[in-house]
1. Report those helices (runs of 4 or more DSSP H) wholly inside region B:85-203 carrying at least 3 residues which are farther than 30 Å from residue A:175 by Cα and within 13 Å of another protein chain (Cβ to nearest Cβ).
2. Looking at region B:152-177 only, could you name the residues that are surrounded by fewer than 19 Cβ atoms within 10 Å (Cβ to Cβ), without any contact (Cβ under 8 Å) to a residue 24 or more places away in the chain and under 19 Å from the mean Cα position of the chain (by Cα)?
3. Would you confirm, using the coordinates I've provided, whether residue B:141 is within 14 Å of the chain's Cα centre (by Cα), modelled with pLDDT of 90 or more and not assigned by TED's automatic domain parsing to the domain that holds residue B:25?
4. Is there a residue being surrounded by 15 or more Cβ atoms within 10 Å (Cβ to Cβ), at pLDDT below 90 and assigned to a helix (DSSP H, G or I) anywhere in region A:25-42?
5. When the residues of region A:90-112 are narrowed to those that are closer than 18 Å to residue A:165 by Cβ and modelled with pLDDT under 85, which ends up surrounded by the most Cβ atoms within 10 Å (Cβ to Cβ)?
6. Go over the candidates A:101, A:90 one by one and state the one that is in contact (Cβ under 8 Å) with a residue 40 or more places away in the chain and either closer than 24 Å to residue A:140 by Cβ or of a type in the set (S, T, N, Q) (or both).
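The values are calculated or read from the model by the stated rules, or taken from the named source; none is laboratory data. A quick note: this is a predicted structure, and the numbers were derived from the prediction, not measured. Cβ: placed from backbone, ideal geometry, glycine included. Neighbour counts: every protein chain shown.
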There are 2 protein chains.
Amino acid sequence: MEQSPAIGIRERARGALRGELADVALRLFEERGYDQTPVDEIASAAGISPRTFYRYFSTKEDVLFGDLPPTSADLPALLEDHLTRVDPWEALHLTLRHVAENIRTERGRWSRLLRVVNTSDTLRAGHLEQQMNLAQSLIPTLLPALEGPAGWSDLRARVLVHAALTCFDTAFSHWAEHEGDIEMLDALDIAFTTFPRTDPAQS
Amino acid sequence: MEQSPAIGIRERARGALRGELADVALRLFEERGYDQTPVDEIASAAGISPRTFYRYFSTKEDVLFGDLPPTSADLPALLEDHLTRVDPWEALHLTLRHVAENIRTERGRWSRLLRVVNTSDTLRAGHLEQQMNLAQSLIPTLLPALEGPAGWSDLRARVLVHAALTCFDTAFSHWAEHEGDIEMLDALDIAFTTFPRTDPAQS
């Protein structure tokens with residue numbers, strides 16, 4: 001179904017304003033710190049009321065992350081799909097490569113974001129909680145693909161998922177520290193291949 | 001040099017009182033929660049003054065962890081020693097096996113501790129910070145043992161150390177959940193061998 005031009009324009013205008021608000025907020029967070037910048041000040045700096053702000057973003061955290069792909073909600077389905085073709089570790093690698101691809105297309109914004117997150121305990125705690133939730137959503141997807149003694153599958157699925165997220169985080173920080181010199185995808189590939197591929201005969 | 005008997009007795013008495021205080025504190029933390037139990041109440045429950053408490057433990061956190069081996073300060077030297085004989089991943093495995101051995105000898109206390117830690121944001125945050133510091137102390141030790149392109153060694157050392165600590169934590173939680181049914185060392189071995197050993201020809 002084709003979108004009507006009127007809705008198209010309204011949606012584009014809404015998108016542009018969200019983008020503008022996100023830019024203003026990120027700049028303020030960089031200058032004053034995330035915890036020290038209330039929504040009132042973001043709204044005021046953007047020349048709108050706090051009430052209007054909340055029509056575009058439901059929380060202060062949302063203005064930081066709201067427009068960024070990918071939604072981690074897609075990742076279990078993506079992992080499930082990869083598991084039909086490759087081994088568990090490689091499937092986790094390909095799934096997180098998808099996240100890294102998205103970071104590549106928004107690289108400037110992501111590295112600024114990472115610096116803001118690292119200055120705020122609130123955001124760091126939020127990030128850890130998100131990561132914990134993401135792990136919890138991937139573990140049951142991985143479980144049926146694991147061979148070997150059933151009694152230990154749960155432990156092994158947890159180890160692989162948490163180690164994969166560790167690879168992602170380590171590569172991401174490394175990339176942010178060496179911005180411009182290395183590619184996020186290269187860093188991610190090096191991180192994952194630091195553990196050699198599982199030999200299917202042994203698993 | 002032989003210890004004089006007088007000092008021996010004094011030291012043993014001091015050790016017994018520390019152990020008793022640690023028991024009282026652990027019981028109170030389990031009953032009321034760590035954050036809700038001030039040092040005053042621990043001292044009072046043990047029949048001593050808060051001032052006496054602080055002659056035995058310098059902080060509330062210290063009464064929880066102070067008497068437990070191992071001190072993570074020993075781990076870099078232990079890792080360095082293992083690295084002279086085995087590959088980096090196996091060296092990390094053996095180093096953390098040493099920690100797991102110590103947990104085995106105090107298993108009842110450790111599983112009670114883990115439950116207390118999981119109920120307190122303060123303790124969890126403290127644990128994360130300790131883990132971050134431990135990782136920072138192991139990375140430089142591992143670095144010279146890594147082969148392959150020098151530009152990526154730093155990333156690879158970070159990935160291996162953080163993944164090793166992830167294996168430890170995952171095995172530890174798994175063990176605590178299945179207390180009595182599995183051994184911490186078995187869980188740790190399964191976690192580490194979920195990644196196959198590095199083939200020296202490829203590293």
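1. Of the helices (runs of 4 or more DSSP H) lying wholly inside region B:85-203, those with at least 3 residues that are farther than 30 Å from residue A:175 by Cα and within 13 Å of another protein chain (Cβ to nearest Cβ) span B:153-177, B:184-193.
2. If the condition is that a residue be surrounded by fewer than 19 Cβ atoms within 10 Å (Cβ to Cβ), without any contact (Cβ under 8 Å) to a residue 24 or more places away in the chain and under 19 Å from the mean Cα position of the chain (by Cα), then B:177 is the only one that fits.
3. Taking the combined requirement at face value, the residue does not satisfy it.
4. Checked region A:25-42: no residue is surrounded by 15 or more Cβ atoms within 10 Å (Cβ to Cβ), at pLDDT below 90 and assigned to a helix (DSSP H, G or I).
5. It comes out as A:103.
6. Result of the check over A:101, A:90: A:90.
Conditions (1) touching a Ser or Thr at 6+ places or on another chain (Cβ under 6 Å); (2) buried (at least 16 other Cβ atoms within 10 Å of the Cβ), marked per residue:
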site	(1), (2)
B:76	yes, yes
B:84	no, no
B:88	no, yes
B:130	no, no
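Every residue, every condition in (1) of a type in the set (A, V, I, L, M, F, W, C); (2) more than 19 Å from residue B:117 (Cα to Cα); (3) without any contact (Cβ under 8 Å) to a residue 24 or more places away in the chain, yes or no:
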position	(1), (2), (3)
B:18	no, yes, no
B:23	no, no, yes
B:50	no, yes, yes
B:53	yes, yes, no
B:56	no, yes, no
B:61	no, no, no
